[in-house]
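The values are calculated or read from the model by the stated rules, or taken from the named source; none is laboratory data. Predicted model only: the values in this text are computed from it and were never measured. Cβ placement follows ideal geometry from the backbone for every residue including glycine, while neighbour counts extend to all protein chains displayed. These area figures cover heavy atoms from the full protein model, side chains too; ligands, DNA and RNA do not enter into them. Shrake-Rupley method; radii C 1.70, N 1.55, O 1.52, S 1.80 Å.
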Amino acid sequence: MANVEIYTKVTCPYCHRAKALLDQKGVSYQEIPIDGDAVKREEMIKRSGRTTVPQIFIDAQHIGGCDDLYALDGRQGLDPLLRA
């Protein structure tokens, strides 16, 4: 099973959508909340080059945000990564 990490904020609707897709696929993931956590936020920005949440990584490969995750799934690219 792939190692999935997702940087989130509690109030972020895109985070909830991304997690819903992962839940629907039965994938366990490590949620990394960055609410009020400057260190975790900086870590996310260093890893992804982006300042928005969610930022999703599968086996340390940057997938992107919620739209990127859904687009990857739409072109049948998500399941193979999750099974890796």
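Please give me the summed charge of the neighbours of Tyr29: other residues whose Cβ is under 11 Å from its Cβ, Lys and Arg +1, Asp and Glu -1.
Numbers: positive: Lys19, Lys25; negative: Glu5, Asp23, Glu31.
Local charge sum for Tyr29: -1.
Where the only charges are on Cβ atoms (+1 Lys, Arg; -1 Asp, Glu), what is the dipole of the chain about its Cα centre, to the nearest 20 debye? Write down the numbers at each step before the final one.
Values: 11 positive and 12 negative charges, 19 e Å.
Around 100 debye, computed over the chain.
Round to the nearest 10 and report in Å² the accessible area of Val53, as given by a 1.4 Å probe over the protein chains' heavy atoms.
30 Å²
In a Debye calculation with equal point scatterers on the alpha-carbon sites of the chain and no solvent, what is log10 I(q)/I(0) at q = 0.10, 0.15, 0.16, 0.19 Å⁻¹?
Per q value, in the given order, log10 I(q)/I(0) is -0.21, -0.47, -0.54, -0.76.
If you take every residue apart from Lys40 with its C-beta less than 13 Å away from the C-beta of Lys40, what net charge results, scoring Lys and Arg +1 and Asp and Glu -1? Don't skip to the end; give the middle numbers.
Values: positive: Lys9, Arg41, Lys46, Arg47; negative: Glu5, Glu31, Asp35, Asp37, Glu42, Glu43.
Summing Lys/Arg as +1 and Asp/Glu as -1 gives -2.
What fraction of the DSSP beta bridges in the chain is antiparallel, stated in percent and rounded to the nearest 5? It would help to have the intermediate numbers written out before the result.
Numbers: 7 of 11 bridges.
Of all bridge pairs located within the chain, approximately 65 percent are antiparallel.
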